[in-house]
Amino acid sequence: MQKVMIERAAELLSSGKVNRVLGWRAGLFAHDNTPSVFTDAADLQANFVYNEFCGANLSKYLVKESDKEGTVAVFLKPCDTYSFNQLIAEHKIKRDNVYAIGVQCNGMKDVNDREKLEERCASCKSRKHVAYDELIGESGEILDSNRFDMVEKLENMTSEERFEFWRGELSRCVRCNACRNVCPACTCEKCIFDNPDSGSANKAPADPFEENLFHIIRAFHVAGRCTDCGECSRVCPENIPLHLLNRKFIKDINELYGEYQAGETVNERGPLVNYTQGDAEPSVVYERGNS
Amino acid sequence: MYKLNLSEINAFFAKIAQNEKLYIPADNGKGGARYTEWAEGVELSNACNTERSAKDFFFPQTENLVDFKVNGKKIEVIDSREECEDFVVFGVRACDVKSFEILDSVYLTDPIDSYYKNRREHGTVISLACSAPEETCFCRTFGIDATKPAGDARAYIAGDSLYIEALTEKGSALLSSLGIAETDDTAAVYAQIAETEKKLAELPLAALEAKDFTKKQLDAFNAPVWAGLSQTCLGCGSCTFVCPTCQCYDIKDFDTGHGIKRFRCWDSCMYSDFTMMAHGTPRNTQLEKFRQRFMHKLVYYPMNNDGVYGCVGCGRCLKKCPISMNIVKVMKSLGEVTE
C-alpha cells in the first residue's frame, strides 16, 4: 500500500494535477506518525508512511488546505471520508481544490496498547469509502457494528450510576482542548470557550462541574453532525471515552428520526436541521426521561 | 542506607501517612499511573512514570488567589489562601525531581511566589531510581541520571527490598522517625544501578544530543523548519499540561454571583489568547506559538539559566501529543539547521 501511495502521490505532483499532498510523515518509531503536507517526490520517498498507526483523520486539515491556492491531494481512510463529506456539506471544504484518494484500512492499532486495535476500529461502522476521486486498495462494506453496546449499558444504568460514571470519567479532564481541536465537526472560527467576551471562556475547571459542562455542551453542538470518527477519544491524554457522549446522540437520532449517518452523503439535510411532519414531538424527551 | 523488605512497603507507607498526607504513583485503571493519596489498599504502581507530572503538587492546575466581596461601594478583599499542610510524595522519578529545580528557578527567585513557596516548603520528596526506562525516555540528553535522582531522599527497589537514603535534612528527619533498619550491604543497589545504566545506554533516544542553540539563537528563531514542524499542530494544550516544566499561568476572575474569586490556572502558549494584551496577541500564527514553546525550553531558558535546558526528557509529550509532534523531533530538525 505505502509504496503504491508514494508512487501515485509523486505522479500527481509531477504531472501538476496537485501541488501538495496531505498524508502521514514517519516519526521516531513506527507508531508516532504525524499528519504532514508533502510537496516534493524526494520527501515523499524518504518520509511518507502508511501503516497501522495512521489513525489521525486528515479531513479537518482540508478546511485550511483547500482554502489555499492550487489543488491538494489527500489520503482518506473509510471513516475519514464521512468527515470529509460532512465538512463539504457544511461548506467548510472547497471540494474543487481537493483530490481525494481513498485508501484501504484494516483498522488502526492503539498507540497505548500496540497489540490491540483502537476501540473505534474494533467496533468499525464502515469499511466503505463514501467519497473519493480514486481508490487505492479496496473499499469495503458498511458493517454491522457493535458500537452502541456501551451506550446501551449506560442507558441501562440508574441515573445515579450514570452520573457517577460520567463524573468519574470527566473529572480527569485537564481542559487541554485536544478533543475539540481535533474534531472535524468543531470548526467554529472562534469557539465560545475561547472567546473572552462570551462569559464562558475558561482555561481550566473553575468549579467542580465546569469541565463536565464543557463536554456536554460540545456534544450537543456536534450532535447530528458528528460522524463518529472517534478522534476525540483517540487524542484524549486522560483516556476519557468521549465518543460515548456522541454515540448516545447518534443512537437517539436513529431511534427518534430513523437511521441516519452523518457524512454518508453530501446533499441530504440532517434530521436535526430538517423539518418533517413525522418529527418526534418534544414531549418524547419527558417520556424517555421518565422511563 | 535504610532497607526494608518490599512485603513491608505498605506498613512503611502507613507509618508516613500517620503524620502527614502521602502520595504515591498508583495504577489508574486505564493502563497508566497517577499520584494518589495513600490509604490502605492503594498499591505502588510498576509504571515507569505517572501520566501527569509531579508539578501538580507545587503548581496545581488551578488555585484561588484572593476573593472579593462587593457591598455597595465597598470592596472587601479576602485572603482565601489555605496554609498548606505537610505532605510527602514518594516515587518521583529523576526527570520530575529535576523539573522542580526548573520551577524553583522561576517561582523562588525575586519576586518570590508565596503560593508556590508555601507548597514547596511543606512537601517532602522521596524520589525513586528508575530500573526500567521506556523508549520515550531521554533524560540523559540533559545530563540527568535516572539512577541517582535528587530529592529529600531517594529510594531504590532492588530484588525484594526497598533501599532508601536521605539527601537533605528534611529527608533525614523523616526517615529517622520511621524506625527502619539500616544496612551497609548495598551491593544489590549498585548491581541494579549498573544494570539500569546499561538499559539507558541502549534506549532508542540514548544518542540524542542537546546542542547549544543559544549561540545561534537567531538562526534557530528564523529556521525554515518551523513551518513544517508546526504545520499540523492542533493548537491544543496537551503537551504543555503534561509537561513537568511548563510553568505559564493565567489569572482570571470567576464571578460567583455574589462576589469574585480570583484564581490562576495553567495556561498554554499554544492557545489563541495566550499573553493577550489590549493590542492583541504578539503571536498570531500557530507557527509562532509553536516556536515559542520550543524556543523557551531550548534557547531562552538556557540563556537565562547558565545553560540549563527547560526540558527534562520525561517523554510525556512524545506519548500524549495527538499528532505525535514533540521536542525530540524539534531538536533533531533544529540541530541540523544550526550546525
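The values are calculated or read from the model by the stated rules, or taken from the named source; none is laboratory data. Just so we're clear, the structure is a prediction, and the values are computed from it rather than from any experiment. Using ideal geometry, Cβ is built from the backbone for each residue, glycine included, and neighbour counts are taken over all protein chains shown.
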Worksheet item: Given the structure, is A:L154 touching a helix residue (DSSP H, G or I) at 6+ places or on another chain (Cβ under 9 Å) and modelled with pLDDT under 95?
Response: no
Worksheet item: Do we find that A:K190 is modelled with pLDDT under 85 and either aliphatic (A, V, I, L, M) or under 24 Å from the mean Cα position of the chain (by Cα) (or both) in this structure?
Response: no
Item to complete: Return yes when A:G230 is within 30 Å of B:T36 (Cα to Cα) and outside the structural domain of A:S83 (by TED's automatic domain parsing) and no when it is not.
Response: yes
Worksheet item: Just to be sure, is A:Y50 crowded, with 21+ Cβ neighbours inside 10 Å, in contact with a strand residue (DSSP E or B) (Cβ under 9 Å, 6 or more places away or on another chain) and over 16 Å from A:P35 (Cα atoms)?
Response: no
Practice prompt. May I ask you to list the residues in the range B:251-266 that are without any contact (Cβ under 8 Å) to a residue 24 or more places away in the chain and at the interface with chain A (Cβ under 9 Å from one of its Cβ atoms)?
Written response: B:K252, B:F254, B:D255, B:T256
Worksheet item: Quick one: what pairs do we get from the range B:297-316, first residue of a type in the set (S, T, N, Q), second modelled with pLDDT of 95 or more and assigned to a helix (DSSP H, G or I), C-beta under 9 Å, 6+ apart or different chains?
Response: B:N304/B:S105; B:N305/B:I102; B:N305/B:S105
Worksheet item: Which number in (1) under 26 Å from A:N112 (Cα atoms); (2) more than 18 Å from the chain's Cα centre (by Cα) marks the one condition that B:D79 misses?
Response: (1)
Worksheet, complete the sentence: Every listed condition ((1) in contact (Cβ under 8 Å) with a residue 24 or more places away in the chain; (2) under 17 Å from B:I157 (Cβ atoms); (3) out of contact with any Phe, Trp or Tyr (no Cβ under 6 Å at 6 or more places or on another chain)) holds for B:W38 save (3)
Practice prompt. Hey, can you tell me all the residues within the range A:240-254 that are farther than 16 Å from A:C121 by Cβ and within 14 Å of another protein chain (Cβ to nearest Cβ)?
Written response: A:I240, A:L242
Item to complete: Within the range A:233-243, work out how many residues are crowded, with 23+ Cβ neighbours inside 10 Å and either outside the structural domain of A:A185 (by TED's automatic domain parsing) or not in a loop (DSSP other than H, G, I, E, B) (or both).
Response: 3
Worksheet item: So which residues in the range A:29-57 are in a loop (DSSP other than H, G, I, E, B), touching a helix residue (DSSP H, G or I) at 6+ places or on another chain (Cβ under 6 Å) and either within 11 Å of another protein chain (Cβ to nearest Cβ) or of a type in the set (A, V, I, L, M) (or both)?
Response: A:G55, A:N57
Practice prompt. Take the residues in the range B:1-39 that are at pLDDT 95 or above and assigned to a loop (DSSP other than H, G, I, E, B), then tell me which one is nearest to the chain's Cα centre (by Cα).
Written response: B:W38
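Only one residue in B:S230, B:S324, B:S272, B:S238 is surrounded by 20 or more Cβ atoms within 10 Å (Cβ to Cβ), farther than 24 Å from B:T50 by Cβ and within 12 Å of chain A (Cβ to nearest Cβ). Which one?
Values: B:S324 fails: farther than 24 Å from B:T50 by Cβ; B:S272 fails: surrounded by 20 or more Cβ atoms within 10 Å (Cβ to Cβ); B:S238 fails: farther than 24 Å from B:T50 by Cβ.
Testing whether each residue is surrounded by 20 or more Cβ atoms within 10 Å (Cβ to Cβ), farther than 24 Å from B:T50 by Cβ and within 12 Å of chain A (Cβ to nearest Cβ) leaves just B:S230.
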Item to complete: Taking B:K329 as the residue in question, decide whether it is more than 12 Å from chain A (Cβ to nearest Cβ) and in a helix (DSSP H, G or I).
Response: no
